[in-house]
1. Among the numbered conditions (1) surrounded by fewer than 11 Cβ atoms within 10 Å (Cβ to Cβ); (2) in contact (Cβ under 8 Å) with a residue 24 or more places away in the chain; (3) not small (Gly, Ala, Ser), tell me where residue 164 comes up short.
2. Only one of these is closer than 30 Å to residue 182 by Cα and either exposed (fewer than 12 other Cβ atoms within 10 Å of the Cβ) or free of Cβ contacts under 8 Å to residues at least 12 places away in the same chain (or both): 49, 22, 45. Name it.
3. Could you tell me which of the residues 169, 118, 86 is in contact (Cβ under 8 Å) with a residue 40 or more places away in the chain, over 22 Å from residue 31 (Cα atoms) and among the small types (Gly, Ala, Ser)?
4. Within the stretch 135-153, how many residues are surrounded by fewer than 20 Cβ atoms within 10 Å (Cβ to Cβ) and either not acidic (Asp, Glu) or not in a loop (DSSP other than H, G, I, E, B) (or both)?
5. What are the residues in the stretch 199-233 that are under 32 Å from the mean Cα position of the chain (by Cα), within 29 Å of residue 15 (Cα to Cα) and not β-branched (Val, Ile, Thr), if any?
6. Is it true that residue 125 is basic (Lys, Arg) and part of a loop (DSSP other than H, G, I, E, B)?
Amino acid sequence: MGKRIIQQARGKGSLTYQAKKSAFIYKVAYPMHEGEAEVLQLIHSAAHSAPLIKGKIADEIFYNVAVNGAVEGSKIIIGGSEIKHGNIIELKNIPPGTNVFNLERNPGDGGKLIRTSGSRAVVSKKYDFGKIGVLMPNKNEVIFDGDCRATIGVVAGEGRKQKPFIKAGKMWFKMKAKNKLYPRTSAVKVNAIDHPFGSGRGKRIKPKIAKRNAPAGARVGTIRPRRTGRSKK
């Protein structure tokens, strides 16, 4: 009797293939109050590529993605229309051409988009019926409700990719915190027990079409291809 291959084991979600729980102790969300908030602390979170800020407004504590240039003890404004780095404002009050991040998909959801280090979007234009066009990092424009909130500025940690991990061990622990498969290797290089393409015999790379009703362990290769065979140019 064989054992489950890696895809099956990861899909089942055992403790070996679960994200590190301690990495996700901070939940990024906008506060319910409006007014002046204080940045209490800058925090490193294993689950996020950018640093976080711990803020306080009235008696409410919240966590947000840090803006580039954030300083502990500084003040930010939630609501209103003052354009200043770190302020959290509704899109309808932000002029076109302004850099924003941590956008809400729907008003009040706390921010879901543009949260990786060094990323930004640009408010492009205002449409009728309170709709706002935002130019995303991939140069596509997305239409948002004007009541959706966003943070002014650019996400901190822009130079993260310029510093290499140096050692594979550090990379392994970073990927494990986010439940990412590392190191990744070609399927034909592994043992036959670990993958349908594995084994030391017949290492001829050929395209293989997986059956549509194949089980999880055999559903590998080209999944539901649009066409097969050589292309005629």
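1. Single failed check for residue 164: (2).
2. On the way: 49 fails: either exposed (fewer than 12 other Cβ atoms within 10 Å of the Cβ) or free of Cβ contacts under 8 Å to residues at least 12 places away in the same chain (or both); 45 fails: either exposed (fewer than 12 other Cβ atoms within 10 Å of the Cβ) or free of Cβ contacts under 8 Å to residues at least 12 places away in the same chain (or both).
The match here is 22.
3. Values: 169 fails: in contact (Cβ under 8 Å) with a residue 40 or more places away in the chain; 86 fails: over 22 Å from residue 31 (Cα atoms).
None of the other options fit; the residue is 118.
4. Summing the residues that are surrounded by fewer than 20 Cβ atoms within 10 Å (Cβ to Cβ) and either not acidic (Asp, Glu) or not in a loop (DSSP other than H, G, I, E, B) (or both) in the stretch 135-153 gives 11.
5. The answer is 210, 213, 214, 215, 216, 217, 218, 219, 221.
6. The answer is no for residue 125.
Condition check ((1) among the β-branched types (Val, Ile, Thr); (2) loosely packed, with under 11 Cβ neighbours inside 10 Å; (3) touching a Cys at 6+ places or on another chain (Cβ under 9 Å); (4) in a loop (DSSP other than H, G, I, E, B)) across all residues:
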| position | (1), (2), (3), (4) |
| --- | --- |
| 133 | no, no, no, no |
| 158 | no, no, no, yes |
| 173 | no, no, no, no |
| 179 | no, no, no, yes |
| 212 | no, yes, no, yes |
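Each reported figure results from applying straightforward, stated rules to the coordinates on display, with no laboratory input. Quick caveat: nothing in here was measured; it's all calculated off a predicted structure. Note: ideal-geometry Cβ built from the backbone for every residue, glycine included; neighbour counts use all protein chains shown.
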